[in-house]
Amino acid sequence: MLSLKIKRKVAGPVAILFLFLLTGGCSSGEKLDYTIKSAKLTDVRFNDNFWSSRIETGRKVTIPHNFKQIEDTGRLKNFEIAAGQAKGDFCSRYPFDDSDVYKTIEGASYQLMLQFDPELDKYLDTVIARIAAAQEKDGYLYTARAIKNRGGKVPYDDWVRDKRWANTAYSHELYNLGHLFEAAAAHYQATGKKNLLNVALKAADMLVREFGPGKLMLPPGHQEVEIGLVKLYRVTGNKRYLDLAKFYLEQRGNAQGHKLYGSYSQDHKPVKEQTEAVGHAVRAAYMYSAMADVAALTGDQAYVQALDQLWEDVVFRKIYITGGIGSTGAWEGFGPAYHLPNASAYAETCASIANAFWNYRMFLLHGEAKYLDVFERIIYNGVLSGVSLSGDRFFYANPLASFGQHERSPWFGCACCPPNIARFIPQIGQYVYATSGDRLYVNLYAQSKGQVEVADLKVQLEQETEYPWKGEIKIKVSPEKEDDFSIYLRIPGWALGQPIPGDLYYFADKVETKPVVKVNGQEVPLNLENGFLPITRKWKAGDTIEISLPMEPRRVLANEKVKNDQGLVAVQRGPIVYCAEWPDNNGRVSNLLLPEGATFTTEYRPELLGGVMLVKASGKAYKIEKGKVISQDKEITLIPYYAWAHRGRGEMAVWLAKDEAKVRPAPEPSLASKAKVEASEGAKGAKFINDQYEPENSNDHSVGYLHWWPKKGTTEWVSYEFPVPVKVSEVAVYWFDDTGEGECRVPESWKLYYLKDGQWIEVKTADKYGVEKDKYNVVRFSPVLTKGLKVELKLQKDFSAGIQEWKVK
């Protein structure tokens, strides 16, 4: 990072940035930038059982796994076909699949910085050679268009036009290049080689020639190229790259240059006028990150003012307790303020990573700990949920409740999340410390050794701690010589009684224990400055800071405007958000009550889920017995949210009932629930139609459902096989219909059959076969004794269909 040179004694970071903004720049030879400088990636080495193991798993498992998937799915083959080295159609699913290759290279490069691996280094050279071969002479690089121009078929043909930049709203040409630029900067910094950097610079120079005032006035549909251009500027010092990054930002909301893409792509108004987070969450957070970079590097105060308002909108109204953002899957993005459903939460892994990037940049801009509080919440919860402990299974969406319909996948058709995980995890070390003049910021706590420079003074730091499981932290400070400087310790907001900035969430219980900080055994008053405890003194080798943070489990409540969380309660301990999962709670969690006044205990289990601190709470469990609801005392076991879905599919909930009205008592077995379910080819989720979870409406995604998408207009079936012959005379079918979001509709028609002597016979009924939404469609028929029932349905033309629940009497 090209950082501003600052004298030893300086004003605060906000004051310095404000001064630069007022003066419009620095003196000759100096460059504007963040006044706070992160530690280098290699300056901090973890030696704990938390981050170090995850980084190592990333190196040994995630990176090789991603490259194998990239090869197996044809993403690398696309470069060969584009270069004319092979023949064929575009091999993978989306035109933006080039970016998965670039992101994985970036992640591999960070791993090389931490631990050089000659085999990986050599493999990257072979991958880069394929990329370079596919680049056109003037620098343009987009395998989908190159393959199309060679006569091959490509998916989403309308996105990939014959002419360059003809559909930047959807083509992802610029998005792909942004990830290429980030990968190239990382690879060059890791290896000193320019083989990928040269490809990136050639492409960037092409963009400079083709885009700008009086040239193409098109912004990217999906933001990312702006971040990549800033990184190339930092590597090369070529200001044209920074100028182009700002140009792309300035084009958003500028109808003179193009037809606006709309709020989905944050192209509904100029970025400096945007105050509300809308649209696709990943695009938004990438854009906000780029805005922060450009603000720091150009001194544009209007960007900072917009970012401050956008940040408040997200953190005060639209963020999950896990740090996830993007509540709706319909557009993978932000819903209205306070719309935070749990079981249908999208909270995409990529969005959490982008949100982390943005919040850390906000800290670099302002020097306030509240941004790091959000950052910490994201990395321990929203991000880590996205990857399995084994490092080779991933969540795309990260719901806060499940009824058994979720499990991690080794890959996705749209595989943006696994490579993003691969590049984010190895970067964690650079976020632990930061400096500004004679200030040393301690941002994160973890067992580690590090070295930073504080105003040209080398300072070694060693943290001894079992954080995040224990709140005791010892930091040994060893400057190369005795000298005056200030150490700014972040005192987490959760340790002071505020789970997250703003009033979106709050602790239900008061805890008397307060943070305690000592230097060489002497307690230091907690006189905080922007969330940090500044300790200014003459530091010498052997000085020790001791921090004790309260780690009692805390009940968390949501703002009353969050309707989805009313009557519910969550649990947090330290930075970790907890959840209840089925294996620890007799197979269900929706039937649990965590009442006011519940007592908590904790237990560390090194053999469980990679080593976790369990939280146990006194509560109740409810069930229906002989038609009546009964309850009994129950010890509720909670695990860290990030660790769920490692022991099979089943119920999970972050928010548990605190009011009886919110409990779902465990139902008695029914005829339908005891039946074996089978369905026609292509059906997904057949097991959910007899799980006895009542949908709120036909478009309820919070509970599992059966669907046949993408089949359309066909005749399909689903059947029940009973353990023994049963006498039945009524069925009730609740259709799945996602009008407004997807392509499932109620069927055109349906019929009911029963099994007799191996043959399916239509039941005798005078009732109408109903196809109404948001209700059970009941059909009564002449009683039959049978071992099987079958629903046969005709899908509407151009639409698919599905079933939420099918009951039998």
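Okay, here's what the table says:
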read-out	value
By average C-beta atoms within 10 angstrom, highest first, the peptides 790-798, 764-772, 143-151	143-151, 790-798, 764-772
Kirkwood estimate for the stretch 549-598, i.e. one over the average of 1/r between Cα atoms, Å	12.4 Å
Centroid-to-centroid separation of the stretch 660-736 and the stretch 553-568 [C-alpha atoms, Å]	30 Å
Extent along principal axes [Cα atoms of the chain; Å; largest to smallest]	91, 69, 49
Cut-off 15 Å, label 7 Å out along Cα→Cβ of Asp774, residues of the stretch 673-715 by amide N	695-701
By average C-beta atoms within 10 angstrom, highest first, the peptides 555-566, 627-638	555-566, 627-638
Hypothetical label at Ser729: residues of the stretch 770-809 whose amide nitrogen lies under 17 Å (7 Å Cα-Cβ projection)	778-786, 808-809
Candidate aspartates and glutamates for bridging to Lys272, where Cα separation is under 12 Å - those fewer than 8 sequence places away on the same chain excluded	Glu250, Asp300, Asp308
Nearest-20 debye value, the stretch 150-247 charge dipole, Cβ charges on Lys, Arg, Asp, Glu	380 debye
Mean shadow area of the stretch 637-745 over all directions, Cα convex hull, nm²	10.0 nm²
Restraint check, Lys31/Lys193; Lys712/Lys787; Lys40/Lys60; Lys239/Lys269; Lys148/Lys269; Lys623/Lys768, Cα-Cα greater than 28 Å	Lys712/Lys787; Lys148/Lys269; Lys623/Lys768
Pairwise label distance in nanometres, Glu660 with Glu482, each label 7 Å out on the Cα-Cβ vector	6.9 nm
Computed E for Lys626/Asp117 - FRET, C-beta separation, R0 56 angstrom, nearest 0.05	0.30
Formal net charge of residues neighbouring Gln111 (Cβ-Cβ distance under 11 Å; K, R +1; D, E -1)	-1
Estimated inter-spin distance, Asp767 and Asp456, nm [label 7 Å along Cα→Cβ]	8.7 nm
Computed lengthening from Ala302 to Lys756, 0.36 nm per intervening residue step minus Cα-Cα distance	156.0 nm
Simple label model, 7 Å out from Cα along Cβ direction - Arg537 to Thr126, nm	5.6 nm
For the stretch 24-128: rounded, prolate or oblate by the Cα gyration tensor [a/c cutoff 1.5]	oblate
In sequence order, calculated HN-Hα J values of the stretch 578-595 (Karplus, 6.51, -1.76, 1.60; Hz; x Gly/Pro)	9, 9, 9, 10, 4, x, 8, 9, 6, x, 9, 9, 5, 9, 9, 10, 10, x
Viscosity 1.567 mPa s, 4 °C: Kirkwood-radius Stokes-Einstein D of the stretch 509-641 over Cα pairs, µm²/s	72 µm²/s
Dipole axis of the chain (+1 Lys, Arg; -1 Asp, Glu on Cβ), positive-most option in Ile547, Asn342, Gly178	Gly178
Pairwise FRET efficiency - Asn586 versus Glu529, Cβ, R0 = 41 Å, nearest 0.05	0.25
Across Lys687/Lys727; Lys37/Lys514; Lys711/Lys809; Lys662/Lys807; Lys563/Lys620, pairs whose alpha-carbon gap is larger than 26 Å	Lys37/Lys514; Lys711/Lys809
Within-13-Å neighbourhood charge of Lys318 [Cβ basis; K, R +1; D, E -1]	-1
For the chain, calculated [θ]222 nm from helices alone, where every DSSP H run of n ≥ 4 adds -39500 (n - 2.57)	-8000 deg cm²/dmol
Net lengthening on full extension, Thr739/Lys809 (0.36 nm per residue, minus Cα-Cα)	22.2 nm
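Each value in this text was obtained by applying a stated rule to the coordinates, not by laboratory testing. Please read these numbers as outputs of a predicted model, since none were measured by experiment. Here the Cβ is made from the backbone with ideal geometry for all residues, glycine too, and neighbour counts use every protein chain on show.
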